[in-house]
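Only one structure is covered here, and it is reproduced in the block below.
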Amino acid sequence: MSSRNLTAAHRSLAFGTRLRVTNKHNGRSVVVRINDRGPFIHGRVLDLSRAAAQNIGMVASGTAKICYEVVASK
């Protein structure tokens, strides 16, 4: 799987910022790169690409409680 597919949208973080996103339910994590703006749905902080969501086991549910930390910023 190409790392360029491991992306996410965030309302204000700089494009290119890398985040470690962890699914609180199962402890799985993935590093993603911010490449878009959003999500624009109340209560949501990140919108992950399908590849990133698959990596942390949240494709079936569509949403998950997560925590994230900046690992590299632009």
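The values are calculated or read from the model by the stated rules, or taken from the named source; none is laboratory data. What you are looking at is a predicted structure, and each value in this text was computed from that prediction instead of being measured. Note that each Cβ is placed from the backbone with ideal geometry, even for glycine, and that neighbours are counted across all protein chains shown. Accessible surface areas use protein heavy atoms only, side chains included; no ligands, DNA or RNA. Shrake-Rupley method; radii C 1.70, N 1.55, O 1.52, S 1.80 Å.
Taking Ala51, is it touching an Asp or Glu at 6+ places or on another chain (Cβ under 7 Å) and among the hydrophobic types (A, V, I, L, M, F, W, C)? No.
Among the residues of region 45-54, just one is closer than 13 Å to Ser12 by Cα and charged (D, E, K, R), namely Asp47. Within region 35-49, does at least one residue satisfy the condition of being in contact (Cβ under 8 Å) with a residue 40 or more places away in the chain and at negative phi? Yes, region 35-49 contains a residue that is in contact (Cβ under 8 Å) with a residue 40 or more places away in the chain and at negative phi.
Residue count for region 56-66 under the criterion of being in contact (Cβ under 8 Å) with a residue 12 or more places away in the chain and open to solvent by 60 Å² or more (accessible area, probe 1.4 Å): the result is 2. If you filter region 6-62 down to residues that are in contact with a strand residue (DSSP E or B) (Cβ under 9 Å, 6 or more places away or on another chain) and among the charged types (D, E, K, R), you find that the one that is farthest from Ala72 (Cα to Cα) is Lys24. Give the residues of region 1-28 that are open to solvent by 60 Å² or more (accessible area, probe 1.4 Å) and at pLDDT 95 or above, sorted by residue number. Answer for region 1-28, where residues must be open to solvent by 60 Å² or more (accessible area, probe 1.4 Å) and at pLDDT 95 or above: Arg11, Ser12, Phe15, Arg18, Arg20, Lys24, His25, Asn26, Arg28.
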